[in-house]
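To start, the structure under review is shown below, and the notes come after it.
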Amino acid sequence: MKLIGTPTSPYVRKVRIVLAEKKMEYEFIVDAPSQEGSRVPLLNPLGRIPVLLLDEETPIYDSRVIVEHIDNVTPNNKLLPGPNRERTEIKRWEALADGLCDAAVAILLESRRPKKEQSASWIQRQRDVVTRSLAALEVQVGEKAFCTGMHFSLADIAVGTALGYLCFRFPEITWQENHPNLSRLHDKLMQRPSFIDTVPHD
């Protein structure tokens, strides 16, 4: 099994954390879709990472599909329950965390364009998404040990990955100051080897 992506992608990190928590062996192939000669567009018509190549070379994408597949094929350390209300709740957490990442990535990409081509209003709209998402996550985490209560799940992986991406790419967004519940959760997650070993870096 091969995972294709980059160490800096929050979506790739989410998958890597799931693989680590499930204690699954895999080969990590670093490949950015933006690089000339990238294999990613050949494996995923959308040209996005991550892509998981199964042993028979069948590609799976995107991150939400990949992590659900991984959890379904391995019985240990279940991160998602069976089809029920709790599963829907966890997937909702994941959708919100991934949406936060979507907005943050959009800001980063827009800021890398030539200054005269950048849209300040577009960047502000994405920043508003980040702000609202952090506020919603803060309230929903509350004083719980983990996102959905007492048990670690995919919800925590998704939220922890999103917060880690903000720390990595947007250190000027001091979200910890105004979101103590999220800060506490992030600190707890960063004690897990799966999070420590996948901290993004350039």
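Points worth noting:
- Breaking point among (1) assigned to a helix (DSSP H, G or I); (2) at pLDDT 95 or above, for L46: (1)
- Any chance V159 is among the β-branched types (V, I, T) and within 15 Å of the chain's Cα centre (by Cα): yes
- Residue match in segment 22-41 (condition: part of a loop (DSSP other than H, G, I, E, B) and among the β-branched types (V, I, T)): no
- Residue match in segment 75-89 (condition: loosely packed, with under 12 Cβ neighbours inside 10 Å, within 25 Å of F152 (Cβ to Cβ) and charged (D, E, K, R)): yes
- Residue ranges of helices (runs of 4 or more DSSP H) in segment 135-193 with at least 2 members under 29 Å from N76 (Cα atoms): 154-169, 180-189
- Remark: pairs (first residue in segment 43-66, on the phi > 0 side of the Ramachandran plot; second residue assigned to a helix (DSSP H, G or I); Cβ separation under 7 Å; 6+ apart in sequence or on different chains) = G47/V40; G47/P41.
- Counting the residues of segment 101-138 that are within 29 Å of P81 (Cβ to Cβ), free of Cβ contacts under 8 Å to residues at least 24 places away in the same chain and of a type in the set (V, I, T) gives 0.
- Residue list for segment 69-100, filter: closer than 21 Å to I4 by Cα and without any contact (Cβ under 8 Å) to a residue 40 or more places away in the chain: H69, N72, V73
The values are calculated or read from the model by the stated rules, or taken from the named source; none is laboratory data. Nothing here was measured: the structure is a model prediction, and the numbers come from that model. Glycine also receives a Cβ, built like all others from the backbone with ideal geometry; neighbour counts cover every protein chain displayed.
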